[in-house]
Amino acid sequence: MSDTGYLHFKIDDFEKALNKFAEVAYKPNKTELERDATIQRFEFTYEIAWKCLKKALESRGADKIAFTRDVFKSSLIGDYIDDEALWSEIISNRNLSVHTYNEAFIVILESKLALYCDTMKLLLQNLKKYH
């Protein structure tokens, strides 16, 4: 598969994951199981998003980028994202959700998932616009 074909494949994967995330991100009054599923969907959508961004940047001539935060910083220059602070928060909260379990944090994270979903939708729009 060509680099362009692979990138389109990754964008399609991102869109599918984002659609699954969106199915639950906006739902009010989630049960504990629904909340946990929403967080899991956030985590895997985030993983696909940064890998897709990495591939998109490389397709536009960027050097190989090894670290997630560097991918998002480079994405500001590439016009894929426009809110570095929000993406930094998303990265931090994703890392916390994967590596720790703290009920107080989970409640805060749940309250932000709709915003994170909206932010990822903007990223998808930009990826489609440039590729």
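No lab work stands behind these numbers, since they all come straight from the coordinates. Just so you know, these numbers come straight off a predicted model, no measurement behind them. Note that each Cβ is placed from the backbone with ideal geometry, even for glycine, and that neighbours are counted across all protein chains shown.
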Task: Inter-probe distance in nm under a simple model that places probes 7 Å from Cα toward Cβ, at ILE77 and ILE108 - done: 3.2
Open item on the list: Give the separation of the Cα centroids, segment 75-125 to segment 27-47, in Å.
Closed with: 13
Open item on the list: About the Cα centre, and with charges only on the beta carbon of Lys, Arg (+1) and Asp, Glu (-1), how big is the dipole of the chain? Nearest 20 debye, please.
Closed with: 260
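If you add up the charges near ALA114, with Lys and Arg at +1 and Asp and Glu at -1, over every other residue whose beta carbon is less than 13 angstrom from its beta carbon, what do you get?
So the environment of ALA114 carries a net charge of +3.
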Task: Extreme residue, positive dipole direction of the chain, given options CYS52, TYR130, ALA85 (C-beta unit charges) - done: TYR130
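When Lys and Arg each count +1 and Asp and Glu each count -1, what net charge do the other residues less than 15 Å away from ALA25, Cβ to Cβ, add up to? Write down the numbers at each step before the final one.
Details: positive: LYS16, LYS20, LYS27, LYS30, ARG35, ARG41, ARG94, LYS112, LYS121; negative: GLU15, GLU23, GLU34, ASP36, GLU43, GLU110, ASP118.
Here the charged neighbours net out to +2.
For segment 57-108, what is the charge dipole size about the Cα centre, in debye to the nearest 20, if Lys and Arg each add +1 at the Cβ and Asp and Glu each add -1 at the Cβ? Please list the in-between numbers first.
Numbers: 5 positive and 9 negative charges, 40 e Å.
Dipole size: approximately 200 debye.
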Task: Net charge, LEU53 excluded, C-beta distance under 12 Å - Lys, Arg +1, Asp, Glu -1 - done: +3
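Taking the alpha carbon gyration tensor of the chain, what are the square roots of 5 times its eigenvalues, largest first, to the nearest whole Å? Intermediate values should be presented prior to the final figure.
Working: eigenvalues 140, 48, 30 Å².
Its equivalent ellipsoid spans semi-axes of 26, 15, 12 Å.
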Task: Two-site FRET efficiency, HIS131 against LEU33, from Cβ-Cβ distance with R₀ of 35 Å, rounded to 0.05 - done: 0.45
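Let's see if you can work this out: charge +1 on each Lys and Arg Cβ, -1 on each Asp and Glu Cβ, no other charges. What is the dipole magnitude of segment 8-68 about its Cα centre, in debye to the nearest 20? The partial results should precede the final answer.
Working: 12 positive and 11 negative charges, 33 e Å.
Magnitude of the dipole: close to 160 debye.
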